[in-house]
Amino acid sequence: MSSTPAEDGFYMPADWGPHERCWMAWPSRVGAWREAMDQACLATAALARAIAKYEPVNMLVPGDLIPIARLQLGSLITIWEAELDDSWSRDTAPNFLVNGEGGLAGAVFDFNAWGNKFRDYGRDARLGEWMLREMNLPCYHVPMTLEGGSIHVDGSGTLITTQSVAFNTDRNPTLDQRQIEERLAMFFGVRKVIWLPEGLVGDRADGQVNKVARFVAPGRIMCAVASDKSDPNAANLKDNIAQLSEERDALGRTLEVVEIPLPNPLQHEDGHLLTRSYLDFYLGTGAVYIPAFDDAMDETAAGLIGAAFPQREIVQLDMAEITQRGGAIHCMTQQQPKV
């Protein structure tokens, strides 16, 4: 597209609106999952089946993996044969846009596997554009390197992101804050960008915002806080709370901050801190899907998140194996809004 979404009247809606469907991607990077591949497939299938109770689910699957995927997914899930490198559709599927008049489009970032964390990412880099072409939808190419999990919007003109991702030298070494904000404004229809310095310590995606802060209603934002004073995230998360308590959104409203505790800190077998967050949930049409980590905070966090969405069923699913790769439910899903 030669024009931008803002010029054409498109914007990114809040994720608490109605959905047409959910997009997911089947675990594909064998070298990353290794012996946990079977558990990753089981967890992915269980999540897809749970979401399909309330909204259609399309699963992107490489051709050679379709037989095993079909066995685990059942008949309710629609399989799309697609070329994939990895299974995080939040970061590689299109960021869907609406225009309030029944129009649907998608914005696609340059994708480089979270700052070149992997060499083979060409298929994922092409996925968003391919999906929009197959759906016969307008595709807007955002001239910067980011991922869907690195931004979050309230649908009313406000976007939140982290400096640690957007300014990462392996993503956008030549862009300054003004240039990045201009791109976000023109491609997502926002009028204000809220910057947090960092995400979670140890996040292999360099601190994506969807694990530390998410809008859940107009003027209301959920923020992660450390449940254990020894958590290396404690100070940074406390600073996030203080900053957001003083922020205003694009409409001039002060933000109501809802604190959601993290699970207790836990190290991966290779020594890095696992980036486990209950904010890594999917807000579906009829339910909110919240990760469980076999942690003492599981029930508390689910209750707090569920209380924000009283009309939706609370569904908590085991993501202990999935989070070994650094993500959970929100990272595994991408909503397509109903228009």
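Can you pull out the trypsin sites (Lys or Arg not before Pro) in region 112-165 whose DSSP state is coil and whose Cβ has at most 10 other Cβ atoms within 10 Å?
Arg119
Look at the dipole of region 19-337 built from charges on Cβ: of Leu255, Val225, Ile51, the Cα furthest out on the positive end belongs to Leu255. So for the chain, averaging the separation of alpha carbon pairs under 8 Å that are six or more residues apart and normalising by length, what relative contact order in percent results? Rounded, it is 21 percent for the chain. Sorted ascending by nearby beta carbons within 10 Å, beginning with the fewest, Met37, Met1 become Met1, Met37. When Ile180, Ile305 are sorted by how many other C-beta atoms sit within 10 angstrom of their C-beta, beginning with the fewest, the order is Ile180, Ile305. Summing Cβ point charges (Lys, Arg +1; Asp, Glu -1) relative to the Cα centre of the chain gives a dipole of roughly 480 debye. The charge dipole of region 1-148, taken about its Cα centre with unit charges on the Cβ of Lys, Arg, Asp and Glu (plus for the first two, minus for the last two), comes to roughly 400 debye. For GluC sites (Glu not before Pro), the sites in region 79-130 that DSSP calls loop and that have at most 16 other Cβ atoms within 10 Å are Glu83, Glu101. Projection of the Cα convex hull of region 19-337, averaged over all directions and equal to a quarter of that hull's surface, yields 15.2 nm². For region 209-270, trypsin sites (Lys or Arg not before Pro) meeting the loop criterion (DSSP other than H, G, I, E, B) and having at most 12 other Cβ atoms within 10 Å: Lys229. How far, in nm, would the chain grow between Ile79 and Arg178 when pulled straight, counting 0.36 nm per residue and subtracting the alpha carbon separation? Between Ile79 and Arg178, full extension yields an extra 31.6 nm. Would you mind checking the pairs Lys211/Lys338; Lys192/Lys238; Lys53/Lys117; Lys238/Lys338; Lys53/Lys192 and listing those with alpha carbons more than 29 angstrom apart? Beyond 29 Å: Lys53/Lys117; Lys238/Lys338; Lys53/Lys192.
Quick note: the coordinates plus some simple rules give every number you see, no bench work behind them. Only a predicted model underlies this, so the values are computations on that prediction, with no experimental measurement involved. In this analysis, Cβ positions are derived from the backbone assuming ideal geometry, glycine residues included, and neighbour counts consider all displayed protein chains.
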